[in-house]
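Please read the structure below before turning to the comments.
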Amino acid sequence: MSKEMQELQKQWHSMVQSIHSNSNVVAFMNSRFGQYLDDHPFVALSLLMFVAVSAIPIAFFLIFVVSTAIMACIGVIIMEGGIALLCVLCGLGALSLGVSGVLSACYVILSTLINYWYAQKSQVKKQEALGTSLHKSPSILDLSANNGKSE
């Protein structure tokens, strides 16, 4: 025998030993049913094949049952709460559009006012730097004071 085959045989033997030394397997093999299957290997093989072959359709059936139940629950939630949820979401969407519109308008107005204020301030500084002053229109108090002096 080749070296690889001997190694594979050792691994298989150690795996079988670990299964036989398992306490659940020992308890099953000491039971009446386990001893019957040990005495009748064809029945044990037939039972093993039946369990293995029937497990696949049973698994598919259980998956179908669980997925159908989940889809039914989701469908009930959507049908019962769907209209109310749609109304709430549409209301929140309209509210968010309104709030963003108001905030955008406030931003545009404030930035325009601030830019205008800084432009006026920089214009005053330029004129002061050139040595000219802004000609201010006389106030009403100044006009009445000037009218009183000229009479």
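The number of residues in the range 18-30 that are open to solvent by less than 100 Å² (accessible area, probe 1.4 Å) and farther than 21 Å from residue 49 by Cα comes to 6.
Just so you know, in the range 52-105 the residues that are closer than 30 Å to residue 36 by Cα and open to solvent by less than 80 Å² (accessible area, probe 1.4 Å) include one that is nearest to the chain's Cα centre (by Cα), and it is 59. Among residues of the range 1-17 being farther than 20 Å from residue 37 by Cβ and open to solvent by less than 80 Å² (accessible area, probe 1.4 Å), the one that is modelled with the lowest pLDDT is 2.
The values are calculated or read from the model by the stated rules, or taken from the named source; none is laboratory data. Everything numeric in this text was worked out from a predicted model, so none of it was measured. Every residue, glycine among them, receives a Cβ derived from its backbone with ideal geometry; neighbour counts consider all protein chains shown. Side chains are part of the model used for accessible areas, which takes the heavy atoms of the whole protein and leaves out ligands, DNA and RNA. Shrake-Rupley method; radii C 1.70, N 1.55, O 1.52, S 1.80 Å.
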